[in-house]
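Asker: Could you have a look at this structure, given as structure tokens, before my questions?
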Amino acid sequence: MSEPRLPLRGRDGRYGLVLCFALGESDLARLGQELIRVAHPDGAVWVVVWKKDHLPLGAPSWDESQEAILETGWVDNKILSLGGEVYATRYVRRRRPGKGEPPTRVGRY
């Protein structure tokens, strides 16, 4: 298993779909910020984490990843079970900025 490398390689606001496997130890707050940076404002991010019964030592739980990523301004809107071992949660950006959150750019890129 490879370690997540932060910062993510990618240009700001470019990707309409990002799939992130957070299956090892990682800085979830920083990961959430990097996902905001590389994902298009109208895009979506899927974050995959281990289910509770398969969670290795040091890997983020679903609850930990949910808390950290929601604090960065993402909103979850779908959770999928991908077999018996992992969950995938889909996050999108709020359409309106939350408290203390900078407005997102609108328009074509």
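Asker: Looking at Ile36, Ile69 in this structure, which one is surrounded by 15 or more Cβ atoms within 10 Å (Cβ to Cβ), β-branched (Val, Ile, Thr), closer than 17 Å to Ala88 by Cα and at pLDDT below 90?
Answerer: Working: Ile36 fails: closer than 17 Å to Ala88 by Cα.
Result: Ile69 is the single residue among Ile36, Ile69 that is surrounded by 15 or more Cβ atoms within 10 Å (Cβ to Cβ), β-branched (Val, Ile, Thr), closer than 17 Å to Ala88 by Cα and at pLDDT below 90.
Asker: Just one of (1) free of Cβ contacts under 8 Å to residues at least 24 places away in the same chain; (2) in contact with a strand residue (DSSP E or B) (Cβ under 6 Å, 6 or more places away or on another chain) trips up Leu57, so point out which.
Answerer: (2)
Asker: If you don't mind, there's one more thing I want to ask. When you scan the stretch 15-33, how many residues do you find that are assigned to a helix (DSSP H, G or I) and of a type in the set (S, T, N, Q)? Working first, answer last.
Answerer: At the first step, the residues of the stretch 15-33 found to be assigned to a helix (DSSP H, G or I) are 28-33.
Subsequent filtering for residues that are of a type in the set (S, T, N, Q) retains 33.
Going through the stretch 15-33 one residue at a time, the tally reaches 1.
The values are calculated or read from the model by the stated rules, or taken from the named source; none is laboratory data. This is a predicted model, so every value here is computed, not measured. Cβ atoms come from the backbone with ideal geometry, glycine included; neighbour counts cover every protein chain shown.
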